[in-house]
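Peer 1: So that we are looking at the same thing, I have put the structure below in structure tokens.
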Amino acid sequence: QVQLVESGGGLVQAGGSLRLSCAASGSIFSIYTMRWYRQALGKQRELVATITSGGTTNYADSVKGRFTISRDKDKNTVYLQMSSLKPEDTAVYYCNADVEKPNLSGVWNYWGQGTQVTVSS
């Protein structure tokens, strides 16, 4: 079993910054791709940013130039640095990871519980 725990969410004014963290723990051999998703109230969940084990990143067009995804391999942690925040960034943010487990074949996908980000105008 693997647990993903997000932290760093909260209330921030438009134009401000916030850094989200997601720490993976449990039975983990390695982590391939880590992702951040978000889901606004009444909206479909969308992919925000992705980072591979090799450090390749991808971003949704709506956050390019404002958000930065990074990871600390030693801590099995992924970060999302958010700047120039807009009210439309308000959502529950979820981390997601593709995990290789010890003595088990295949790749297992896990979700965190989510953390609320609210941007006031």
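The values are calculated or read from the model by the stated rules, or taken from the named source; none is laboratory data. Please read all numbers here as calculations on a predicted model, not as lab measurements. When we count neighbours, we look across all protein chains shown, and the Cβ atoms used for this are built from the backbone with ideal geometry, even at glycine. Note: areas computed on protein heavy atoms with side chains; ligands, DNA, RNA excluded. Shrake-Rupley method; radii C 1.70, N 1.55, O 1.52, S 1.80 Å.
Peer 1: Given charges of +1 on the Cβ of Lys and Arg and -1 on the Cβ of Asp and Glu, with all other atoms neutral, how large is the dipole of the chain about its Cα centre, in debye to the nearest 20?
Peer 2: 100
Peer 1: Also, quick follow-up: So what's the Cα pair-distance distribution over the chain, bin width 10 Å, in %?
Peer 2: Reading upward from the zero bin: 14, 47, 29, 9, 1.
Peer 1: Can you give me the accessible area per residue for segment 31-70, using a 1.4 Å probe, in Å²?
Peer 2: 55
Peer 1: Additional query: For segment 62-67, take each phi angle, set θ = phi - 60°, evaluate the Karplus expression 6.51 cos²θ - 1.76 cosθ + 1.60, and give the result in whole Hz per residue in order, putting x for glycine and proline.
Peer 2: So the Karplus estimates, Gly and Pro as x, are 5, 10, 4, x, 10, 10 Hz.
Peer 1: I need the chymotrypsin sites (Phe, Trp or Tyr not before Pro) found in segment 1-51, filtered to DSSP loop residues with at most 15 other beta carbons within 10 Å of theirs.
Peer 2: Here the chymotrypsin sites (Phe, Trp or Tyr not before Pro) that fit, given the DSSP loop and packing criteria, are F29.
Peer 1: Just to confirm a number: summing +1 for Lys and Arg and -1 for Asp and Glu over residues other than G8 whose beta-carbon lies under 15 angstrom from that of G8, what do you get?
Peer 2: Summing Lys and Arg as +1 and Asp and Glu as -1 gives +1.
Peer 1: Quick one: how many lysine pairs in the chain have C-alpha atoms under 22 angstrom apart, if they're 8 or more apart or on different chains?
Peer 2: Counting lysine pairs in the chain gives 5.
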